[in-house]
Amino acid sequence: MPITKEDVLTTGKLADMAVSEKEAAIYEQQLEALFKWVTELSSVNTDHVKLDAPGLAAHLRSDQPKPDETLAKALRDNFAATENDCVKVKKVL
Amino acid sequence: MMNVFEIVEAVTSGKKTAEAVVRESLEVIAQKNPSINAFVEVFTQDALSQAKAIDEKRARGEKLGPLAGVPVGIKDNLLFKGHKATCCSKMLANYTAAYNSTVVERLLAADAVIVGRTNMDEFAMGSTNETSVYGPVRNPVDLTRVPGGSSGGSAAAVAAGMVPVALGTDTGGSVRQPAGFCGVVGIKPGYGRISRYGVIAFASSADQVGVLAANVRDAADVLEVISGKDVKDATSLEAPVPAYHTLFTQDLKGVKVGLPKGFLEGLDSKIKERMELAAQALKERGAQLVEVELPYAKYSAPCYYIITSAEASSNLGRYDGIRYGYRDTQAQGLKEYYEKSRAPFGLEVKKRIIIGTYALRSDNYEACFLKAMKVRELIREDFKKVFEKVDVLLTPTSPTTAFELGHHDANPIAIYLADLYTCQGNIGGLAGISVPFGQDDKGLPVGVQFYGPILQEEKILNVAHHLEQSI
């Protein structure tokens with residue numbers, strides 16, 4: 001995966017970062033070595049691997065939040081008026 | 001400095017006041033910090049007020065918490081309300097925390113005393129603590145050498161006896177590697193064991209808070225206090241937290257210790273020798289040594305650098321002068337405003353953002369980021385299978401002992417390879433601990449690492465405790 005100084009400058013722009021010519025020259029050399037190292041991954045057969053939740057393994061997450069009663073009470077207590085466990089706000093329509 | 005449990009016993013029984021303990025800690029910091037640079041700010045008045053409040057609590061006959069009077073240092077990326085949290089970066093030079101991180105909240109609730117914030121690599125990106133805007137930390141064992149990183153300040157503070165315990169964060173080895181370099185204990189629990197709420201994010205799928213302490217028992221006691229489910233972090237796990245030190249066993253009979261095949265190849269001869277002696281010591285205590293294979297683990301380091309840099313490029317997008325960070329006042333136009341406001345990032349942080357953005361570009365996404373994510377799953381599968389056969393794994397913490405300041409400046413890949421054994425734990429979400437086990441020929445500490453499955457930190461604490469006792 002060859003990487004050029006132009007790649008570094010363009011990627012810097014994508015990240016909203018100003019990269020000087022001097023910095024780009026340093027990064028070009030270091031990133032070239034790094035991405036050469038990363039190409040080792042291409043030799044691994046991953047055809048059978050399925051990603052359920054990229055970024056976080058599904059088995060580590062609990063996507064069924066339990067209501068936090070303390071927080072709910074604190075929210076309700078900060079409103080002047082409540083009714084049936086709901087907060088009353090001014091009519092907007 | 002007394003051990004954690006000795007301090008708690010002394011303060012709770014009234015043999016010593018919390019104020020006296022904290023004053024001792026502050027005195028050692030004042031004496032040693034100028035040459036080591038472990039603390040970037042000491043909360044002298046605040047710490048003394050906290051200590052006095054604990055002594056008053058005791059005087060009123062109230063029950064004290066499990067860390068009563070224990071002075072603690074916290075890494076500069078953990079939020080402590082009303083105090084600066086800068087990630088040792090110019091970008092956050094004036095940032096003051098608006099709320100407490102959950103770990104800080106739990107320390108305070110346990111009556112620990114937070115004495116200051118510790119030095120670190122900028123935004124936790126580094127293995128030497130040389131990228132801090134406050135200057136490098138020096139290893140207390142040899143001041144010409146690095147303490148490791150990125151939690152180098154926390155490790156050095158404990159090693160120098162400034163505090164008995166300190167918190168760090170570990171994304172690729174940032175607690176365990178400096179613990180190994182400085183000759184202290186460093187534990188990173190499995191992913192999800194400790195809440196990340198109020199921890200300044202680097203790479204969210206790998207970041208985890210860890211404990212640095214002078215011994216395994218102290219690390220266990222503090223880990224117990226800060227672990228457990230937190231509704232403010234959806235990735236924290238719902239599982240009971242045991243009183244870890246009560247699970248230390250008399251011997252290691254029935255414990256299977258895995259030795260990964262090929263892990264000692266090409267290793268420094270002295271570290272290899274220490275590893276062999278460590279395995280022997282465990283065997284003498286009754287453990288069964290089992291050779292295991294981890295065919296994909298060798299890909300952990302390139303996976304780690306792609307995935308964590310990609311996550312960092314996204315997480316650090318918030319430092320744009322609007323939401324967080326330095327705000328430029330001279331720019332003409334929005335694009336220039338962003339670029340100038342993001343200019344204070346240091347060279348290493350910029351480099352990681354560029355690596356991450358490059359890996360996420362549409363033309364590279366599949367070959368780089370997606371590939372690394374898939375290989376990560378294979379690595380995780382490797383560990384899952386191995387832990388069906390053994391209780392813990394034994395590996396070196398680092399391929400070398402502490403090197404000289406500036407030693408690796410010209411070769412970033414060599415620096416990245418310093419994380420070779422530790423980043424596997426973050427890629428796999430495992431629990432890992434580094435425990436000191438002797439020295440090399442130069443008298444520098446050698447760290448030995450144990451890995452264990454997620455939510456089974458007691459296993460690695462137990463074998464580490466036995467290894468510690470065998471010296």
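For residue B:298, the conditions (1) modelled with pLDDT of 95 or more; (2) surrounded by fewer than 20 Cβ atoms within 10 Å (Cβ to Cβ); (3) touching a Leu at 6+ places or on another chain (Cβ under 9 Å) are fulfilled apart from (1). The residue list B:449, B:424 contains one member that is away from chain A (no Cβ under 14 Å), of a type outside the set (Val, Ile, Thr) and part of a helix (DSSP H, G or I), which is B:424.
Kindly indicate whether residue B:191 is within 14 Å of the chain's Cα centre (by Cα) and part of a loop (DSSP other than H, G, I, E, B). I'd like the intermediate steps shown before the answer.
Numbers: within 14 Å of the chain's Cα centre (by Cα): yes; part of a loop (DSSP other than H, G, I, E, B): yes.
When the stated conditions are applied, residue B:191 passes them.
So which residues in the stretch A:3-29 are under 14 Å from residue B:345 (Cα atoms) and more than 8 Å from chain B (Cβ to nearest Cβ), if there are any at all? If the condition is that a residue be under 14 Å from residue B:345 (Cα atoms) and more than 8 Å from chain B (Cβ to nearest Cβ), then A:20 is the only one that fits.
It is to be established whether one or more residues within the stretch B:240-250 are out of contact with any strand residue (DSSP E or B) (no Cβ under 9 Å at 6 or more places or on another chain), at pLDDT 95 or above, assigned to a loop (DSSP other than H, G, I, E, B) and aliphatic (A, V, I, L, M). Explain how you work it out, then say what you get.
Restricting attention to the stretch B:240-250, the residues satisfying the condition of being out of contact with any strand residue (DSSP E or B) (no Cβ under 9 Å at 6 or more places or on another chain) are B:240-250.
Retained after the next criterion (residues that are at pLDDT 95 or above): B:240-250.
Adding the requirement that they be assigned to a loop (DSSP other than H, G, I, E, B) leaves B:240-243, B:248-250.
Remaining after also requiring aliphatic (A, V, I, L, M): B:241, B:243.
Checking the stretch B:240-250: at least one residue is out of contact with any strand residue (DSSP E or B) (no Cβ under 9 Å at 6 or more places or on another chain), at pLDDT 95 or above, assigned to a loop (DSSP other than H, G, I, E, B) and aliphatic (A, V, I, L, M).
In the stretch A:1-28, the residues that are over 14 Å from residue B:343 (Cα atoms) reach residues that are surrounded by fewer than 16 Cβ atoms within 10 Å (Cβ to Cβ) and polar (S, T, N, Q) with C-beta atoms within less than 7 angstrom, at least six apart or across chains, in these pairs: A:1/A:39; A:28/A:4. Counting only residues that are under 21 Å from residue B:403 (Cβ atoms) and aromatic (Phe, Trp, Tyr), the stretch B:105-138 holds 1 of them. Scanning the stretch B:70-120 for residues that are within 22 Å of residue B:236 (Cα to Cα), in a loop (DSSP other than H, G, I, E, B) and under 18 Å from the mean Cα position of the chain (by Cα) yields a total of 5.
The residues of the stretch B:144-182 that are out of contact with any helix residue (DSSP H, G or I) (no Cβ under 6 Å at 6 or more places or on another chain) and surrounded by fewer than 24 Cβ atoms within 10 Å (Cβ to Cβ), listed by number, are B:144, B:145.
If only residues of the stretch B:247-271 that are basic (Lys, Arg) and in contact (Cβ under 8 Å) with a residue 40 or more places away in the chain are counted, the one that is nearest to residue B:459 (Cα to Cα) is B:256.
Look through the stretch B:375-421, keep the residues that are of a type in the set (Gly, Ala, Ser) and in a loop (DSSP other than H, G, I, E, B), and return whichever of them is farthest from the other protein chains (Cβ to nearest Cβ).
Step one: filter the stretch B:375-421 for residues of a type in the set (Gly, Ala, Ser), giving B:398, B:402, B:406, B:410, B:414, B:418.
Among the residues that remain, those that are also in a loop (DSSP other than H, G, I, E, B) are: B:398, B:402, B:406, B:410, B:418.
Working: B:398: 18, B:402: 23, B:406: 16, B:410: 10, B:418: 14 Å.
In this case the residue turns out to be B:402.
If I filter the stretch B:30-43 for residues that are assigned to a helix (DSSP H, G or I) and closer than 23 Å to residue B:106 by Cβ, do I get at least one hit? Break it down into steps so the answer makes sense when it comes.
Here is the first cut: in the stretch B:30-43, the ones assigned to a helix (DSSP H, G or I) are B:30-36.
With closer than 23 Å to residue B:106 by Cβ added as a condition, the list becomes none.
The answer is no, given that none of the residues of the stretch B:30-43 is assigned to a helix (DSSP H, G or I) and closer than 23 Å to residue B:106 by Cβ.
Determine if the stretch B:389-408 includes at least one residue that is at pLDDT below 95, over 19 Å from residue B:204 (Cα atoms) and among the aromatic types (Phe, Trp, Tyr). Within the stretch B:389-408, one or more residues are at pLDDT below 95, over 19 Å from residue B:204 (Cα atoms) and among the aromatic types (Phe, Trp, Tyr).
If you go through the stretch B:44-69 and pick out every residue that is part of a helix (DSSP H, G or I) and surrounded by fewer than 24 Cβ atoms within 10 Å (Cβ to Cβ), you end up with 14.
Apart from one condition, residue B:293 fits all of (1) within 20 Å of the chain's Cα centre (by Cα); (2) under 30 Å from residue B:389 (Cα atoms); the exception is (1).
Among the residues of the stretch B:265-315, write down those that are away from every other protein chain (no Cβ under 14 Å), assigned to a helix (DSSP H, G or I) and among the polar types (S, T, N, Q). Working first, answer last.
Here is the first cut: in the stretch B:265-315, the ones away from every other protein chain (no Cβ under 14 Å) are B:265-293.
This time we only want the ones that are assigned to a helix (DSSP H, G or I), so: B:269-284.
Result: B:269, B:280.
Whether a residue is within 27 Å of residue B:424 (Cα to Cα), more than 8 Å from every other protein chain (Cβ to nearest Cβ) and of a type in the set (Gly, Ala, Ser) was assessed, and residue B:346 passes this test.
The values are calculated or read from the model by the stated rules, or taken from the named source; none is laboratory data. All values derive from a computational prediction rather than experimental measurement. Reconstructed Cβ throughout: ideal geometry from the backbone, glycine too, with neighbour counts over all protein chains shown.
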